[in-house]
Amino acid sequence: METRVLEIDPLEDCRAAYKEAAALLAEGKLVAIPTETVYGLGADAFNADAVAEVFAVKERPHFDPLICHLPNARAVHEIAEVPEELRGLVDKLAAEFWPGPMTLVLPRKACVPDIVTSGLPTVACRVTSHEAMRGVAKALGHPVAAPSANRFGHISPTSAAAVLKELGGSIPLVLDSGACSEGLESTILAPCMDDKGNPAVRILREGPVTREKIREICRVVKPSKRKDAEETAPNAPGQLKSHYAPAKPLLLCNPRGPFQPQEGVSYGLISYKGESKLAEMDCWTQVMPLSPGSGRLAEAAVRLFAVMRAMDECEDVDVIVAEELPTVGLGAAMMDRLTRASADRNS
Ligand code: AMP
Ligand code: MG
């Protein structure tokens, strides 16, 4: 199959492109669509066969549920049954963080096919700030079920070129709006009642909406030891120990060192600012800074997956070493991804 790349500029009128994408989705085909976090591989969420094709193309295990992209916050009520006691909190979170990189896991309605939620009683809802995904969902008239547009376990694509490398030849269309502005997958929250009977959230996946920002809105409770509905089956991209992984081994190292290179192995360093003690060592064949100079976590987050891909493609790098990042704000989500990328794939 030939994969067409259709360039769009969300500052212009793109309705024709969104219609074209929606027409393909309505036929049960798949389209790669940008969001502000990463590119998604979209299917009509109400078409179970099309959603099955998403799993097939990605080689994604079926225990791993998909996120449903909605044109606006009101559409949540078409697929989710928000419990009365959580309504106030859901509205507050939606007002604060939507459109944006936040996903809410809520009790599902029967119209959502089992394959979308991996049979869970909940559905993951998102209103992205990227006009393309919202525009396509609006033109389709159904939610778009979309995981990241990469093969399972690989690094998420933050550009159309990265999508083509992952899925070129397997899907008919990629909407190309350039690089993603956030670069890390959405924060996933499960609204719930805390032990005192007050509305709170559990963070199922760290992301661009940081723990600190969420705490300004509500209490964050720890995932309970007792596995309940939202926490059972999905333990997948978000939660699998090994994920977001480059093909090459990736090691994490303190920026102050020490790092002991092995003879005969070439190492590439992913450095936060490019000017640490570690970066000054002479054992690197490549040093790629995430945020050169000043070191801004937001810039680092946007570049993280692209830099991981670039290192993976460097011929003179056998092993990737990544500096540990401060685990405040966006750093927590980045360390989450790096830790999973470094996890032993056989464990
Ligand atoms: P992605 O590949 O970025 O689309 O990741 C989707 C992730 O969202 C899954 O791997 C889960 O971690 C999470 N997710 C989706 N649906 C649910 C759900 N119903 N309950 C809990 N987590 C979910
Ligand atoms: Mg993914």
Which value in nm describes the separation of the simple spin-label points at Ala310 and Glu96, placed 7 Å from the Cα toward the beta carbon? 3.5
Karplus 3J(HN,Hα) series, Hz, for region 114-128 with 6.51 cos²θ - 1.76 cosθ + 1.60 (x for Gly, Pro): 3, 5, 5, 9, 6, x, 6, x, 10, 10, 8, 10, 9, 10, 6
Amide H contacts under 5 Å for Val123, placed H, 5+ residues apart: Leu106, Arg108
Folded to 0 to 90 degrees: helix 330-342 orientation relative to the chain principal axis, Cα: 70
Excluding residues fewer than 8 places away in the same chain, name every one of the aspartates and glutamates whose C-alpha is closer than 13 Å to that of Lys109. Glu78, Glu81
Ordering of 168-174, 302-308 by packing [mean C-beta count within 10 Å, highest first]: 302-308, 168-174
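Excluding Ala75 itself, calculate the net charge of residues whose Cβ lies under 13 Å from the Cβ of Ala75, where each Lys or Arg counts +1 and each Asp or Glu counts -1. Write out the running numbers ahead of the final one.
Numbers: positive: Arg74, Lys109, Arg126, Arg134, Lys138; negative: Glu78.
Local charge sum for Ala75: +4.
Can you give the net charge of the other residues whose Cβ lies under 11 Å from the Cβ of Gly141, counting K and R as +1 and D and E as -1?
Numbers: positive: Lys138; negative: Asp44, Glu78.
Neighbour charge sum, excluding Gly141 itself: -1.
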How large is ³J(HN,Hα), in whole Hz, for each residue of region 270-287 in order, when computed from phi with the Karplus curve 6.51 cos²θ - 1.76 cosθ + 1.60 and θ = phi - 60°, using x for Gly and Pro? 9, 10, 5, 10, x, 9, 8, 4, 4, 5, 6, 5, 9, 8, 8, 8, 8, 10
Using a cut-off of 14 Å between beta-carbons, work out the net charge of the residues near Asp49 (Lys and Arg +1, Asp and Glu -1, Asp49 not included). -3
Checking the cross-link filter: which lysines have an alpha carbon closer than 21 Å to that of Lys222, excluding same-chain neighbours under 8 positions apart? Lys92, Lys196, Lys213, Lys241
Take peptides 67-74, 121-128, 192-199 and line them up by average Cβ neighbours within 10 Å, highest first, as a rough protection proxy. 121-128, 67-74, 192-199
Listed by chain and number, the residues whose amide H is under 5 Å from that of Val287, excluding neighbours fewer than 5 places away on the same chain and using placed H, are Leu269
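Give the percent of DSSP beta bridges with both residues in region 63-202 that are antiparallel, rounded to the nearest 5. Intermediate results must be reported in sequence, preceding the final value.
Details: 12 of 18 bridges.
Counting DSSP beta bridges with both partners in region 63-202, the antiparallel share is about 65 percent.
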Relative to the longest principal Cα axis of the chain, at what angle does helix 15-26 sit, 0 to 90 degrees, rounded to 10? 80
Just how far, in whole angstrom, is region 247-276 from region 168-185 if you go by their alpha carbon centroids? 29
Gap separating the Cα centres of region 96-123 and region 1-52, nearest whole Å: 19
Angle, helix 48-58 long axis vs. longest principal axis of the chain, Cα atoms, 0 to 90°, nearest 10? 0
Relative contact order, percent, the chain [alpha-carbon distance under 8 Å, six or more residues apart]: 19
Phi-based couplings in Hz for region 147-161 (Karplus 6.51, -1.76, 1.60; Gly and Pro marked x): x, 5, 7, 9, 5, 3, x, 7, 6, 5, x, 10, 8, 5, 4
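Using a Förster distance of 25 Å, how high is the FRET efficiency between Gln286 and Glu212, based on the Cβ-Cβ distance and rounded to 0.05? Walk me through the numbers on the way to the answer.
Values: r = 33 Å, r/R0 = 1.32.
Taking R0 as 25 Å, the efficiency between Gln286 and Glu212 is 0.15.
Read-outs throughout are calculated quantities, based only on the coordinates presented, and are distinct from any laboratory measurement. None of the values given here were measured: they were computed from a predicted structure. No Cβ is skipped: glycine too gets one built from the backbone with ideal geometry, and neighbour counts run over all protein chains shown.
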